[in-house]
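Written out below as structure tokens is the structure these notes cover.
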Amino acid sequence: MHIGLMMECDYRAGRTQREAFDEAFATAEAAEALGFDGVWLSERHFSPPGGATHVSSIGSAPLLWATAIAMRTSRLRIGTAVLLLPLGHPVRLAEEVATLDNMSQGRLDLGIGRSSFPRSYEGYNVPYEESRARFREYLDVMRLAWTQERFSYAGTFYRCQDLVLIPKPYQQPHPPLYHAATTRETFAAIGTLGLPLLVGAASMALSELPEVIAEYQTAWRAAGHPGQGEVRLRLPIYVAESMEQAQSEPEASALPYYERVRQAYLRGASTFEIAARAARAEQLATLTYADVLRTRVMFGTPHQVTERLTRLRHAVDLSGIIMEPNIGGRIPPTLILRSMRLFAQEVAPHVR
């Protein structure tokens, strides 16, 4: 069982960029010291601090973050959750990934996706309607670059002729790949592709997970892939000594997070996948904090969080749990560190 830590690299209003960088590096170093198996870095673009949530991210370049963290740690695996493939060029990214894999001596895990939100695509002048097709070609090119001595490719969006990628990845044939899924319509498609699954629960209740993961595994088997697909779950977790602390301390951060997600779905509802986006936004519109506590997060004492995670593992065959320690980005660093410590020392040993 992989025990990971999600890092959004939060940048809160009222803090300097330098303070945000220092906090993020301190979090990664604490994760290694506390015994987490890995950290996972998000990719977020074009959201300055301020507005309703007062939180943004300095995580627009996750491979640079991963490189810096790899140089500051010795054991920790460093993952991306996720790289937005269609926003760059596949040959350039294949080179950077292979280089980082060598610099970290094989500690890189590559979570990939295309994002549920069009805003990043608008900033890069890439049509979001092309994101699925671009993603497939992008991944094809990178796999060729990593595994073939020389490679060529001719697709709708990307073309290259007789190229040699140097260096090749440290891990063979390439770093482990995990395909992100945050909405139920993507689970079966990822199973058909035969890629391990990285699940984010932002837009669904935990009770929905057994059904959608079963769809992923069914599609995996139907496509003829051996065994079953590996599933790692990103999950908001907050641990405190008492239930009152565990519920009250993250409240001011958690509720604005779901409103931010709802607004992002609304902004994209007129462009692509209209019905699905509108439905997700509608689900989140009436969400109360009591609903959040009951259906979407695991906030509690070490004993309570252990019990809930154990029940979830019995319902869903998980190979990894990635703790999201600061849902919404507004929980103070001292409280985040306390929650991480309680989770690593008093919860993780019972769910590994």
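Can we say A223 is surrounded by fewer than 22 Cβ atoms within 10 Å (Cβ to Cβ), over 23 Å from T80 (Cβ atoms), without any contact (Cβ under 8 Å) to a residue 40 or more places away in the chain and hydrophobic (A, V, I, L, M, F, W, C)?
When the stated conditions are applied, A223 passes them.
Which of the residues that make up region 191-205 are more than 15 Å from the chain's Cα centre (by Cα) and not in a loop (DSSP other than H, G, I, E, B)?
G191, T192, L193
Only one residue in E230, E215 is of a type outside the set (G, A, S) and either touching a helix residue (DSSP H, G or I) at 6+ places or on another chain (Cβ under 7 Å) or surrounded by 22 or more Cβ atoms within 10 Å (Cβ to Cβ) (or both), so which one is that?
So the residue among E230, E215 that is of a type outside the set (G, A, S) and either touching a helix residue (DSSP H, G or I) at 6+ places or on another chain (Cβ under 7 Å) or surrounded by 22 or more Cβ atoms within 10 Å (Cβ to Cβ) (or both) is E215.
Give region 1-36 a look and list any residue that's of a type in the set (D, E, K, R), free of Cβ contacts under 8 Å to residues at least 40 places away in the same chain and either touching a strand residue (DSSP E or B) at 6+ places or on another chain (Cβ under 6 Å) or under 27 Å from A348 (Cβ atoms) (or both), or say none.
D22
Check off (1) closer than 25 Å to R119 by Cα; (2) touching a Phe, Trp or Tyr at 6+ places or on another chain (Cβ under 9 Å); (3) at pLDDT 95 or above; (4) surrounded by fewer than 18 Cβ atoms within 10 Å (Cβ to Cβ) for Q17 and give me the number that stays unchecked.
(3)
Only residues that are among the β-branched types (V, I, T), at pLDDT 95 or above and surrounded by 19 or more Cβ atoms within 10 Å (Cβ to Cβ): list them for region 20-68, please.
Those that are among the β-branched types (V, I, T), at pLDDT 95 or above and surrounded by 19 or more Cβ atoms within 10 Å (Cβ to Cβ): T27, V39.
Considering only residues of region 304-336 that are under 19 Å from the mean Cα position of the chain (by Cα) and among the polar types (S, T, N, Q), which is nearest to E8 (Cα to Cα)?
My answer is N326.
Counting residues that are acidic (D, E) and in contact (Cβ under 8 Å) with a residue 40 or more places away in the chain, which helices (runs of 4 or more DSSP H) fully inside region 57-145 reach at least 2?
90-103
Only helices (runs of 4 or more DSSP H) wholly contained in region 219-319 count here; list those with 1 or more residues that are on the phi < 0 side of the Ramachandran plot, in contact with a Lys or Arg (Cβ under 8 Å, 6 or more places away or on another chain) and at pLDDT below 90.
Output list reads 251-268, 274-285.
Any chance region 166-183 includes a residue that's under 23 Å from the mean Cα position of the chain (by Cα) and among the basic types (K, R)?
No, there is no match, as no residue in region 166-183 is under 23 Å from the mean Cα position of the chain (by Cα) and among the basic types (K, R).
What number of residues within region 166-190 are hydroxyl-bearing (S, T, Y), outside any loop (DSSP other than H, G, I, E, B) and surrounded by fewer than 19 Cβ atoms within 10 Å (Cβ to Cβ)?
Matching residues across region 166-190 total 0.
The values are calculated or read from the model by the stated rules, or taken from the named source; none is laboratory data. Small disclaimer: the values here were computed from a predicted structure and weren't measured. Neighbour counts are summed over all protein chains in view; Cβ atoms, including those assigned to glycine, are modelled from backbone coordinates with ideal geometry.
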